[in-house]
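The values are calculated or read from the model by the stated rules, or taken from the named source; none is laboratory data. Note that this is a predicted model, so its numbers are computed, not measured. As a convention, Cβ positions derive from the backbone with ideal geometry for all residues, glycine included, and neighbour counts pool all protein chains shown.
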Amino acid sequence: MKDVLLVKDLYVGYGDQEVIRGISLRITEGERVVIMGPSGSGKSTLLKSIVRLVEPWKGEVYINGVNVLSDEVDIRKIRQMVGFVFQSYNLFPHMTVLRNVMLPLEVVKGLPKDEALKKAIGVLRLVGMEEYKDRYPLQLSGGQQQRVAIARALVMDPILLLLDEPTSALDPELREEVLDVLRNIAGRGISMLIVTHELDFAEDVADRIVFMDNGFVIEEGPPQELLYKPKIDRTRRFLRTIARRLYAVNRYR
Ligand SMILES: Nc1ncnc2c1ncn2[C@@H]1O[C@H](COP(=O)(O)OP(=O)(O)OP(=O)(O)O)[C@@H](O)[C@H]1O
Ligand SMILES: [Mg+2]
């Protein structure tokens, strides 16, 4: 299997604060990896450093075999291969849903308008947002905005999709619609690296779960092992905290 992402002994920090302390990670074609871990453990920093939104201190990153940290690399080309969905939706408020999704195709890929339109509509259909194409982001719910953000990432045909807590800013009832869209996308064979604490979702889609704490990967394994039989006490304690929170939500169902 081809490596879509290969991270070797990565160190990243801010100022003199070391945040990622020697992480290695590999994602093969079509593989879906979920990252979990407490706040401040470096999950977002890891995702950002993969596309150099934060400059790593040391280590190696390869996307599709291309050395991302080399001085010669055209980082814009790399970013075109990688879709990034953040916790907040980052849509352009003055553009319609359709324009938001078409824009990268026209500006970055240079597609003619009719082709961009066709492609954008297709992807909006995939995330269930076709009928909202003429609305502006502020006329949509958070879940709908996040689905548009996912469409905008997908429209570029990325080889890797990075998702940083895509549902954490949403009310519980809006989460499911976004998670369903992500389950659907996961079924289409795209490689994904997802930071999430949605336990059921992680169990459904992840081939592997990586648990981070304090800048280290402290445990990783298939969902059945990591979620049900964690070996490390820190992992178990963290999962217990999330499960309690979930239980409190479920109590009123
Ligand atoms: N731009 C920044 N400048 C300085 N320090 C930062 C910056 N971004 C993050 N940090 C620090 O790096 C550490 C890791 O942050 P990061 O956002 O990667 O954690 P996280 O695991 O994503 O947390 P959360 O679950 O809260 O999103 C934290 O101590 C944070 O304060
Ligand atoms: Mg984060």
Check your understanding: Filter the range 106-120 for residues that are modelled with pLDDT of 95 or more and under 22 Å from the mean Cα position of the chain (by Cα); which is surrounded by the fewest Cβ atoms within 10 Å (Cβ to Cβ)?
Key -> K119
Check your understanding: Can we say E130 is of a type outside the set (G, A, S) and surrounded by fewer than 16 Cβ atoms within 10 Å (Cβ to Cβ)?
Key -> no
Review point. Of all residues in the range 77-98, how many are part of a helix (DSSP H, G or I) and touching a residue at least 24 places away in the same chain (Cβ under 8 Å)?
Key: 6
Exercise for review: Could you please find all residues in the range 194-245 being within 23 Å of L170 (Cα to Cα) and among the hydroxyl-bearing types (S, T, Y)?
Suggested key: T196, T241
Review point. Going by the structure shown, is N100 of a type outside the set (A, V, I, L, M, F, W, C) and touching a Lys or Arg at 6+ places or on another chain (Cβ under 7 Å)?
Key: yes
**Study point:** Among the candidates T196, T167, residue that is modelled with pLDDT of 95 or more and either within 16 Å of ligand 2 (Cβ to nearest atom) or under 15 Å from the mean Cα position of the chain (by Cα) (or both)
**Key:** T196
Review point. Scanning the range 28-46 for residues that are hydroxyl-bearing (S, T, Y) and within 10 Å of ligand 2 (Cβ to nearest atom), which turns out surrounded by the fewest Cβ atoms within 10 Å (Cβ to Cβ)?
Key: S39
Exercise for review: Select from the range 99-126 the residues that are farther than 22 Å from R79 by Cα and touching a residue at least 40 places away in the same chain (Cβ under 8 Å) and list them in ascending order.
Suggested key: L126
**Study point:** Criterion violated by V54 - all others in (1) modelled with pLDDT of 95 or more; (2) away from ligand 1 (no atom under 16 Å from the Cβ); (3) surrounded by fewer than 21 Cβ atoms within 10 Å (Cβ to Cβ); (4) of a type in the set (V, I, T) satisfied
**Key:** (2)
Revision key, fill the gap. Taking the range 15-51 and keeping only residues that are touching a helix residue (DSSP H, G or I) at 6+ places or on another chain (Cβ under 8 Å), within 17 Å of S191 (Cα to Cα) and either among the small types (G, A, S) or near ligand 1 (Cβ under 9 Å from one of its atoms) (or both), one is left with I35
Study note, to complete from the structure: Log entry, pairs with first residue in the range 31-48 being closer than 19 Å to G221 by Cβ, second being within 9 Å of ligand 2 (Cβ to nearest atom), beta carbons closer than 7 Å, six or more apart or on different chains, reads I35/K43; I35/V195; G37/K43; K43/V195
Study note, to complete from the structure: Note on L174: of the conditions (1) under 20 Å from the mean Cα position of the chain (by Cα); (2) of a type in the set (A, V, I, L, M, F, W, C); (3) within 22 Å of G42 (Cβ to Cβ), unmet is (3)
